[in-house]
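Remarks on the structure that follows.
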Amino acid sequence: MSKYGYTEEHARAGVKAQLPDIETWPNQFRTGYEIEIVIPEFTSVCPKTGLPDSGEITIRYVPDKQCLELKSLKMYALAYRDLGIFQENVVNRFLSDIVRAARPVSAAVIGEFSPRGGIYSKMTATYTAVSAGLGNAAGRSRKRARRA
């Protein structure tokens, strides 16, 4: 346990929660174009305090064979509303699930969370396929989280 009472249980909270599947549809263009999706009213819950976290999630990806279906992505994002999960884990979980669903050439998920206690945080997780167009796996992603 940390000085402030954070435990491994808090750290793992929500990471393996069952969430709705993100559906896809067949990409008709293989021109290397980028898609940006913004979820401006994202909400989740701090697993330690139970206080709400809110912010904006931005997804940028270059599709390969599949594109993300927006209604299923909306239902996926809404499933976080009552989920206790740290902001850093939200961003990395989004990326992992997007890569698993669509197997993009590359992807980035940026989480910009509203200030709480005078602290603003921004996390970015990124993925680049090992060999573009040759079938990517979520396990091959490169992820990084940083605080702004």
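Every number here is computed from the coordinates shown, using simple stated rules; none is lab data. Owing to the predicted nature of the structure, the values given are computational and were not obtained by experimental measurement. Positions of Cβ are backbone-derived with ideal geometry, glycine not excepted, and every protein chain shown enters the neighbour counts.
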Would you call Tyr33 of a type in the set (Phe, Trp, Tyr) and surrounded by 12 or more Cβ atoms within 10 Å (Cβ to Cβ)? no
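How many of the residues making up segment 27-60 are free of Cβ contacts under 8 Å to residues at least 60 places away in the same chain and farther than 29 Å from Arg116 by Cα?
So in segment 27-60, the residues free of Cβ contacts under 8 Å to residues at least 60 places away in the same chain come out as 27-29, 31, 33-41, 43-50, 52, 55-60.
Pick out the ones that are also farther than 29 Å from Arg116 by Cα and you get 27-29, 31, 33-35.
Residues meeting the conditions: 7.
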Checking Val38 against (1) among the β-branched types (Val, Ile, Thr); (2) out of contact with any Asp or Glu (no Cβ under 7 Å at 6 or more places or on another chain); (3) exposed (fewer than 14 other Cβ atoms within 10 Å of the Cβ); (4) over 17 Å from Thr128 (Cα atoms), only one condition comes out false. Which one? (2)
Out of everything in segment 105-123 that is among the polar types (S, T, N, Q) and either closer than 20 Å to Glu34 by Cα or touching a residue at least 60 places away in the same chain (Cβ under 8 Å) (or both), what residue ends up being surrounded by the fewest Cβ atoms within 10 Å (Cβ to Cβ)? Ser114
Can you tell me which of (1) assigned to a helix (DSSP H, G or I); (2) crowded, with 21+ Cβ neighbours inside 10 Å; (3) touching a helix residue (DSSP H, G or I) at 6+ places or on another chain (Cβ under 9 Å) is the one Tyr80 doesn't meet? (1)
Of residues in segment 1-26 being touching a residue at least 24 places away in the same chain (Cβ under 8 Å), more than 17 Å from the chain's Cα centre (by Cα) and assigned to a loop (DSSP other than H, G, I, E, B), the one nearest to Leu95 (Cα to Cα): Tyr6
State all residues of segment 27-44 that are part of a loop (DSSP other than H, G, I, E, B) and either in contact with a strand residue (DSSP E or B) (Cβ under 9 Å, 6 or more places away or on another chain) or not hydrophobic (A, V, I, L, M, F, W, C) (or both); if no residue qualifies, say none. Asn27, Gln28, Arg30, Thr31, Gly32, Tyr33, Glu34
Kindly establish whether Ala102 is crowded, with 20+ Cβ neighbours inside 10 Å and in contact with a Phe, Trp or Tyr (Cβ under 6 Å, 6 or more places away or on another chain). no
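I need the full set of residues from segment 83-101 which are over 11 Å from the mean Cα position of the chain (by Cα) and either of a type in the set (A, V, I, L, M) or in a loop (DSSP other than H, G, I, E, B) (or both), in order please. Reasoning before the result, please.
So the first thing to find is which residues in segment 83-101 are over 11 Å from the mean Cα position of the chain (by Cα), and the list is 83-86, 100-101.
Within segment 83-101, Leu83, Ile85, Phe86, Ala101 qualify.
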Scanning segment 45-77 residue by residue, those assigned to a strand (DSSP E or B) and more than 29 Å from Ala129 (Cα to Cα) turn out to be Val45, Pro52, Asp53, Ser54
